[in-house]
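K.L.:
I have a structure here, written as structure tokens, and I will follow up with some questions on it.
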Amino acid sequence: MNTEPFEIIAGPISAYIADPGTAFPAIDAAPGAGWTLIGASGAENYDEQGVKAAHSQDLKTITTLGSTGAKKVWRDKEGLAVSFTLLDLQLEQFALAVNGNAVATTAAGSGTAGIKSLPLYRGQAVKLHALLLRGAFSPYGEGMNLQYQVPYCYLNSSPDVVFKKSDPVGLAFEYMALVDPNAADEASRFGHLIAQHQAALP
């Protein structure tokens, strides 16, 4: 629960994916049809390192012959990456790490065990997603939400699956934002960070 001072935030955040173009949920509504929660229990299936949203940039400067300091700066590249480690090895979750391949289910039969099978080959085409991060906290008040809305992204990570007796198996996820071709303006190309500041009117 978020308590005063509200602007200082600590708490878990859960990730959802959908097909690009899926409508993002209202800030005070649960994600609806089309949105898939990553991890059977969301943030409760992520390791304690948390969910990281990295806003990177590559700046270029020019220094002229007659000056010892930079005279001009411009942004050459920028990016948005969301990363976390998933502690859920159900094949339906593992499928997200291998391009969303379909899990085939075979029911148990007489003398044969029921199985689920996940194809591991990803192929050349990279699946695109919309990404939603939702936390039950806001820098503006108690009982309000905050969410990242990334319209276009792809999974950039290549998880190393390590089976050990002492640690849970984790799948490293890193989603990289792509420019939204349908963005209303240039500043919206990577989506938005939304924070509720008032309750809806009756």
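The values are calculated or read from the model by the stated rules, or taken from the named source; none is laboratory data. These numbers were taken from a predicted model, which means no experiment stands behind them. Cβ: placed from backbone, ideal geometry, glycine included. Neighbour counts: every protein chain shown. Ligands, DNA and RNA are excluded from the accessible area calculation, which covers all protein heavy atoms including side chains. Shrake-Rupley method; radii C 1.70, N 1.55, O 1.52, S 1.80 Å.
K.L.:
Cut-off under 20 Å on the C-alpha distance; same-chain residues fewer than 8 positions from residue 77 excluded. Which aspartates and glutamates are left, in chain and number order?
P.N.:
58, 174, 180, 185, 186
K.L.:
Grab the beta carbon distance between residue 125 and residue 162, set R0 = 35 Å, and tell me the FRET efficiency rounded to 0.05.
P.N.:
That gives a FRET efficiency of 0.80.
K.L.:
Amide H neighbours of residue 13 under 5 Å, counting only residues 5+ apart in sequence or on other chains, H built in-plane at 1.01 Å?
P.N.:
51
K.L.:
Now a separate question. Test of understanding: given the chain, find the longest segment containing no trypsin sites (Lys or Arg not before Pro) that are in a DSSP loop and have at most 10 other Cβ atoms within 10 Å.
P.N.:
Here the longest segment lacking exposed loop sites spans 72-163.
K.L.:
Run the helix sum for the chain: -39,500 (n - 2.57) per DSSP H stretch of 4+ residues, divided by residue count, reported at 222 nm to the nearest 500 deg cm²/dmol.
P.N.:
Dividing the helical sum by the residues of the chain leaves -500 deg cm²/dmol.
K.L.:
Which value, in Å², gives the accessible area per residue of segment 68-117 when a 1.4 Å probe is used on the protein heavy atoms?
P.N.:
62 Å²
K.L.:
Further, regarding this structure: DSSP loop (so not H, G, I, E, B), at most 14 other Cβ within 10 Å: list which chymotrypsin sites (Phe, Trp or Tyr not before Pro) in segment 67-123 pass both filters.
P.N.:
121
K.L.:
With a 10 Å cut-off between alpha carbons and a GNM built on the chain, which of 93, 124, 147 moves the most?
P.N.:
Looking only at 93, 124, 147, the largest GNM fluctuation is found for 124.
K.L.:
Kindly identify segment 1-155 as rounded, prolate or oblate by the Cα gyration tensor criterion: order the square roots of the eigenvalues as a ≥ b ≥ c, call it rounded if a/c is under 1.5, otherwise compare a/b with b/c, prolate if a/b is larger, else oblate.
P.N.:
It is oblate, given that a/c is not under 1.5 and a/b is not larger than b/c.
K.L.:
Here's a follow-up. What shape does segment 66-146 have by the C-alpha gyration tensor, where a ≥ b ≥ c are the square roots of the eigenvalues, rounded means a/c under 1.5, and otherwise prolate means a/b greater than b/c and oblate the rest?
P.N.:
Here segment 66-146 falls in the oblate category.
K.L.:
Now, a different point. Go through segment 76-151 and name the GluC sites (Glu not before Pro) that are in a DSSP coil and have 14 or fewer other Cβ atoms within 10 Å of their Cβ.
P.N.:
In loop regions of segment 76-151 (DSSP not H, G, I, E or B), the sparsely surrounded GluC sites (Glu not before Pro) are 142.
K.L.:
Along the charge dipole of segment 1-155, Cβ charges K/R +1 and D/E -1, which of 65, 149, 9 sits furthest on the positive end?
P.N.:
Looking along the dipole axis, the top candidate is 65.
K.L.:
Around residue 172, what is the net charge, scoring Lys/Arg as +1 and Asp/Glu as -1 over all other residues with Cβ under 10 Å from its Cβ?
P.N.:
Computed value for this residue: -3.
K.L.:
Pop out the carbon and sulfur fraction of the accessible area of the chain as a percent, whole number, probe 1.4 Å.
P.N.:
53 percent
K.L.:
Here is a follow-up. Just read off the accessible area of residue 120 with the full protein assembly in place, 1.4 Å probe, to the nearest 10 Å².
P.N.:
120 Å²
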